[in-house]
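The values are calculated or read from the model by the stated rules, or taken from the named source; none is laboratory data. This structure is a prediction, so every number in the text was calculated from the model and none was measured. Ideal geometry is used to build each Cβ from the backbone, glycine not excepted, and the neighbour counts take in all protein chains shown. Just the protein is used for accessible areas: all its heavy atoms, side chains included, with ligands, DNA and RNA removed. Shrake-Rupley method; radii C 1.70, N 1.55, O 1.52, S 1.80 Å.
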Amino acid sequence: MIETNQFKGHEKVVYLHDKESGLKAIIAVHDTSLGPAAGGCRMWPYENEMDALTDALRLSRGMSYKNAVAGLKLGGGKSVIIADPHKDKNEQLFRAFGRFVDSLNGTYISAEDVGISVEDMEIVAKETRHVIGLQSSENASGDPSPFTARGTYLGIKAAVKHKLGQDDLKGLTVAVQGVGHVGYHLCKHLDEAGAHLIVSDIHQPSLDRVVQEFGAKVVSVAEIMSVACDVLAPCALGAVLNDATIPALRTPIVAGAANNQLARDEHGQMLHDKGILYAPDYVINAGGIINVSAEARGKYDVNWVNDKVDNIYTTLGTIFERSDKEGRPTNVIADELAEEIIAAARARKKQEKAA
Ligand code: NAD
């Protein structure tokens, strides 16, 4: 199990096996210097335990970075349940998972991720209070998408300001790939700001809605990544910035909400070399985690959430400036910024302990 190069300063990795329910899961706590390690639980039929471990280690580190740069008092963690979400779900399994989460005494806070629904997490919550993203709780934060969309909109404005020297989006063309939960709300902000919209989706009703409401122009799924525009906003799938798509891009800016947009880290360098400004995904799409994290503070406060989402504009501005000054890609700068924030928190904690 330990022959993986994905161990990067992880504090704790727990392998869980509950014989009765058949639960096999891993909880990875990457770093708790800023606070409890928060991150979703993913259910996936991994081919083997090593794949599951690699995913948990990689995703938990990603959560540390995302939470740190978003200015949250949360560390990073992630859990994976090795099972098929279409076949293997049952109450016993989720309750066993909840007991394991509870045994960590709040070091890890769980939530939904791929393959896990709010209903599943409601079962987990019967065994532990260390769960966020529940609908039934009186502290529920609700749908994160509008917050993710607003943060993405502010991130687009920061990118336009930096790259095009323009304070507003009036008259600019923004191409949005995927007009689902986040994409729809993003289109609304962009339309209100006077931008022209080009959109693509595989779901016709979603397209019809943005055409009717915002006069968006539709292009095919094959065309969207190479359409001429001022901003390309990927809001659908991961790994859309890759060896095949980057050479064909006709945009000075890529700034969208989708997770894991770069197929590999090197694609950040490729964008940088082409003079395309890339807004690192986990920085620009942090609105959702900011919103749900408000549950962990006790009482949900929408003003606190909005203030934190507003900061995405400034944080991206800092990353863009540093990238220009140092001549290095924005994704690398974002990771370094996260590491600096975490290291400073770790040093503070150490000092407090010594005092
Ligand atoms: P969603 O499923 O509601 O929307 C995704 C849309 O993309 C759908 O309408 C789907 O039909 C479309 N799509 C799928 N394949 C496509 C393709 N090949 N070309 C064009 N469109 C395609 O999901 P969402 O909640 O809007 O999230 C969108 C992205 O943002 C995801 O990558 C998600 O991980 C990320 N994200 C979402 C949130 C949030 O708050 N919902 C937070 C952070 C990150």
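Figures for the structure shown
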item: Sole exception among (1) within 30 Å of Glu138 (Cα to Cα); (2) of a type in the set (A, V, I, L, M); (3) not in a helix (DSSP H, G or I) for Ala296, by number; result: (3)
item: Test: residue in the range 219-230 that is polar (S, T, N, Q), within 11 Å of the ligand (Cβ to nearest atom) and open to solvent by 40 Å² or more (accessible area, probe 1.4 Å); result: yes
item: Every residue from the range 246-255 that is open to solvent by less than 50 Å² (accessible area, probe 1.4 Å) and away from the ligand (no atom under 13 Å from the Cβ); result: Ile246, Ala248, Leu249, Thr251, Pro252, Ile253, Val254
item: Subset tally (residues that are within 10 Å of the ligand (Cβ to nearest atom) and in contact with a Ser or Thr (Cβ under 9 Å, 6 or more places away or on another chain)) for the range 137-154; result: 1
item: Per-region count, the range 231-245, residues of a type in the set (Val, Ile, Thr) and either modelled with pLDDT under 95 or near the ligand (Cβ under 10 Å from one of its atoms) (or both); result: 1
item: Selected residue [loosely packed, with under 15 Cβ neighbours inside 10 Å and assigned by TED's automatic domain parsing to the domain that holds Ala233] from Lys157, Lys170, Lys161, Lys87; result: Lys170
item: Residue within the range 90-103 that is assigned to a loop (DSSP other than H, G, I, E, B) and farther than 17 Å from Gly133 by Cα present; result: yes
item: Members of the range 272-281 found to be crowded, with 21+ Cβ neighbours inside 10 Å and in a helix (DSSP H, G or I), listed by number; result: Asp281
item: Near pairs, Cβ below 7 angstrom, 6+ apart or cross-chain, from the range 141-155 (more than 21 Å from Gly194 (Cα to Cα)) to any residue that is of a type in the set (A, V, I, L, M, F, W, C) and within 9 Å of the ligand (Cβ to nearest atom); result: Ser141/Val292; Pro144/Val292; Ser145/Val182
item: Residue that is most open to solvent (accessible area, probe 1.4 Å) [pool: residues in the range 115-133 that are more than 17 Å from Ala25 (Cα to Cα) and charged (D, E, K, R)]; result: Arg129
item: Close pairs (8 angstrom Cβ cut-off, 6 or more residues apart or separate chains): farther than 15 Å from Leu232 by Cα and near the ligand (Cβ under 6 Å from one of its atoms) in the range 176-188, in a loop (DSSP other than H, G, I, E, B) and of a type outside the set (A, V, I, L, M, F, W, C) anywhere; result: Gly180/Asp201; Gly180/His203; His181/Asp143
item: Count of the range 47-83 residues which are of a type in the set (S, T, N, Q) and not in a helix (DSSP H, G or I); result: 2
item: Residue check, Thr315 closer than 19 Å to Ala159 by Cα, open to solvent by 10 Å² or more (accessible area, probe 1.4 Å), within 16 Å of the ligand (Cβ to nearest atom) and β-branched (Val, Ile, Thr); result: yes
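Let's see how each residue does on (1) surrounded by fewer than 18 Cβ atoms within 10 Å (Cβ to Cβ); (2) part of a helix (DSSP H, G or I); (3) without any contact (Cβ under 8 Å) to a residue 60 or more places away in the chain:
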{"site": "Ala233", "(1), (2), (3)": "no, no, no"}
{"site": "Ala236", "(1), (2), (3)": "no, no, yes"}
{"site": "Ala257", "(1), (2), (3)": "no, no, no"}
{"site": "Gln269", "(1), (2), (3)": "yes, yes, no"}
{"site": "Val283", "(1), (2), (3)": "no, yes, no"}
{"site": "Val309", "(1), (2), (3)": "no, yes, no"}
